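Here is the structure we will look at, set down as structure tokens.
Nothing in this text is a laboratory measurement; each read-out follows from the coordinates by a stated rule. Just so it is clear, the model here is predicted, and its values are computed rather than measured. Virtual Cβ from ideal backbone geometry, glycine too; neighbours counted across all protein chains shown.
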Amino acid sequence: MYQIFLICLTIGGTILILRLAVSLLGIGFETLDGALGDADVDVDVDAIPTEDGQGHHTDLGRIFTFQAIVSFLAFFGVGGLASLEMKQHPGVAVLVGSATGVVAVVLLGYVVGALRKLNTDGTVRIASAVGLEGKVYLRIPAECEGEGKITLPIQGRTIEVLARTPGPGLRAGDPIVVSRIIDEQIVEVVLSPRLAAKPAAFTE
């Protein structure tokens with residue numbers, strides 16, 4: 001059993017480390033999954049009946065993914081080896097390893113869900129930013145020739161957002177108003193009306 005646990009830990013741990021390294025390099029998990037041959041083994045559970053007889057979508061179909069499998073293998077090996085080191089019976093070691101693997105997969109699911117929620121929340125904040133006032137954090141070149149950064153108070157928080165301006169360039173500290181959403185990460189801003197009567201802002 002020792003060899004089995006060790007093999008599971010080696011294979012699962014190595015793949016997890018590689019996926020983390022690739023993600024940190026900016027390639028992303030999806031790209032690596034593709035390189036590994038679309039190893040996802042998702043279960044289609046979209047047709048679970050509801051009270052009205054209609055099917056509804058559920059995230060349970062994403063449980064048995066390649067990520068979950070390698071996570072289970074890695075922590076199954078960890079739990080099993082730890083049990084054997086504590087002189088436990090091989091059968092107990094298998095149970096402990098299995099429980100450790102399942103817990104790891106469940107925790108991974110919660111973490112991934114939380115990260116997706118944060119990403120969704122960020123998108124919602126940006127989408128509702130039109131008309132809000134903020135300040136330039138990093139200067140913004142004139143006539144959309146580049147991007148700067150603004151700080152924007154929204155939903156009880158102050159966030160930094162990439163920004164462009166169709167007009168004169170804006171300096172750090174200039175008050176601005178969000179006039180348009182360009183995409184999920186970039187907004188278009190103009191000088192706040194409070195400075196409209198003052199001298200023109202910095203231009204490139």
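On full extension, the segment bounded by E85 and T158 gains 21.3 nm, given 0.36 nm per residue less the C-alpha separation. For the stretch 128-195, DSSP calls about 85 percent of its internal beta bridges antiparallel.
What FRET efficiency, computed as 1/(1 + (r/R0)^6) with R0 = 30 Å and r the Cβ-Cβ distance, is obtained for I7 and A99, rounded to the nearest 0.05? List each step's numbers first, then the result.
Values: r = 19 Å, r/R0 = 0.64.
Given R0 = 30 Å and the Cβ-Cβ separation, E is 0.95.
Does anything in the stretch 130-166 have its amide N under 17 Å from the 7 Å Cα→Cβ label point of R180, and if so which residues? Counting only backbone N, you get 130-132, 141-148, 162-166.
I'd like the FRET efficiency for E145 and R125, computed as 1/(1 + (r/R0)^6) with the beta carbon distance as r and R0 of 35 Å, rounded to 0.05. It would help to have the intermediate numbers written out before the result.
Working: r = 26 Å, r/R0 = 0.75.
According to the calculation, E is roughly 0.85.
Karplus-derived 3J(HN,Hα) values for the stretch 144-149, using 6.51 cos²θ - 1.76 cosθ + 1.60 with θ = phi - 60°, are 6, 7, x, 10, x, 10 Hz; glycine and proline are entered as x.
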